[in-house]
Each structure stands twice: as C-alpha cells, then as structure tokens.
Amino acid sequence: MAKKRPLYLAQAFNRVAPAPKAPKDKTADIYHGKTVKDPYRPLEELDAATTAQWVDTQNERFQKFIARSAAKQQATDTLNRIWDYPSETLPGRYGKKYFSYYSDGKSPQAVFQVRDNLSDKPQTLIDPNEWSKDGTVSLGGVFPSPDGLLVAYTVSESGSDALTLKIRDVATGQD
C-alpha cells in the first residue's frame, strides 16, 4: 500500500480558491553586470488599484481557508499561551532611579515604570494602554534624563511615523 503524502499548507490553501494572478511586468535591473528580473515590482506600488485588488483577494482567500481550518483554535490557543505571560525588561539606572518596561502579557502595550531601589515595587510612570480605547495611540521611545528626574517620550497616533515628543516629571508623574 502506498504511503499517503502529507497535505502541505500551501496545497490546502490553494484548494479554497485559486490564487489570483499577481500584477507583473518585465522590470529588470542590472547589478554588477548581471540582469536580475523583478516581475513582481508592480506589487511595490502600494497605492495602485491592481495591488489593492490583489491584496484584498488574497485576504479573502485566507479568511475562507482559516475559517474552515480545524487547527485554527488550537493555533490561537497555542500562540496565546506563548505570548500571554508577564515580562519585564532589565532595569536601567538613571541618577538614583531605576526604569524598566513591564508587560502583564494581556495588555496590548507594555507600561514604563520607575522605582527608587531594585528591591522596591515598581510604579507605573507611563501607561499607553490608557491613551485610546482602540489601541491606536502608542508609546514610542522613552529617554530618561541622566539624573533620572525627567523622562522624554514619544507618542504615535494611528501608526503614524510622525511622533509627538513629551516630557514627564518623574516625581509628580505629570507632563
């Protein structure tokens, strides 16, 4: 009896619906005298209607596939178990204060915390989870002053690269 070959994920995915034709052209570049074809360069035009249509079709195919997958809940449970655990970065000392990030494993973003001694319980100094209900406002970089009295930090809204710089007084917790 012939051994049954395993069904690979790509094969199972293609059984949902045929893959849409990706936008292609005859783009080629020359690097060090060698011609390198790049037929899928049109997909780099993110605002192009053909790219958006292709992405939408691929997303629809995937949603149909994953909805029928018996492994969906198992994968979700496994990933949640892997990702949902408390963690803290190593504290950094600035002046007489220690700063670190803490994640409870359930909140969308880690909080930035401070303490006077490593044996003290940390206090939350910046909690980006309070800034928006839908999580579209996030904490960028955090930069304590050398004396640990002030913290400069950046805020991003809706995933924008444009950041707002703020300064927080560590003693009062006020900007």
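The values are calculated or read from the model by the stated rules, or taken from the named source; none is laboratory data. Note that this is a predicted model, so its numbers are computed, not measured. Every residue, glycine among them, receives a Cβ derived from its backbone with ideal geometry; neighbour counts consider all protein chains shown. The area values use the complete protein model at the heavy-atom level, side chains included, leaving out ligands, DNA and RNA. Shrake-Rupley method; radii C 1.70, N 1.55, O 1.52, S 1.80 Å.
The figures follow:
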| item | result |
| --- | --- |
| Whole-percent carbon and sulfur share, accessible surface of region 52-151, 1.4 Å | 54 |
| Listed pairs Lys72/Lys133; Lys133/Lys166; Lys72/Lys106; Lys96/Lys133; Lys26/Lys64 exceeding 25 Å between Cα atoms | Lys72/Lys133; Lys96/Lys133; Lys26/Lys64 |
| Peptide ranges 93-100, 116-123 listed from the most packed, as the mean C-beta count within 10 angstrom indicates | 93-100, 116-123 |
| Label point distance in nm, Thr136-Leu163, each placed 7 Å from Cα along Cα→Cβ | 2.1 |
| Region 88-111 and region 61-84: distance between their alpha carbon centers, rounded to Å | 30 |
| Stokes-Einstein D in µm²/s, Kirkwood radius over Cα pairs - the chain at 4 °C with 1.567 mPa s viscosity | 61 |
| Unit charges at the beta carbon, dipole of the chain: most positive-side option, Ile30, Tyr153, Leu165 | Ile30 |
| Environment charge of Val137, counting only residues whose C-beta is closer than 15 Å and scoring Lys/Arg +1, Asp/Glu -1 | -4 |
| Distance between modelled label sites at Asp25 and Asp38, nm, 7 Å Cα→Cβ extension | 1.1 |
| Charge context of Asp104, other residues only, Cβ under 12 angstrom, K/R +1, D/E -1 | -2 |
| Per residue solvent-accessible surface (Å²) - the chain, probe of 1.4 Å | 76 |
| Calculated [θ] (222 nm, deg cm²/dmol) that DSSP helices of n ≥ 4 give over the chain, each run adding -39,500 (n - 2.57) | -7500 deg cm²/dmol |
| Local net charge near Gly148, Cβ-Cβ under 10 Å (Lys/Arg +1, Asp/Glu -1) | +1 |
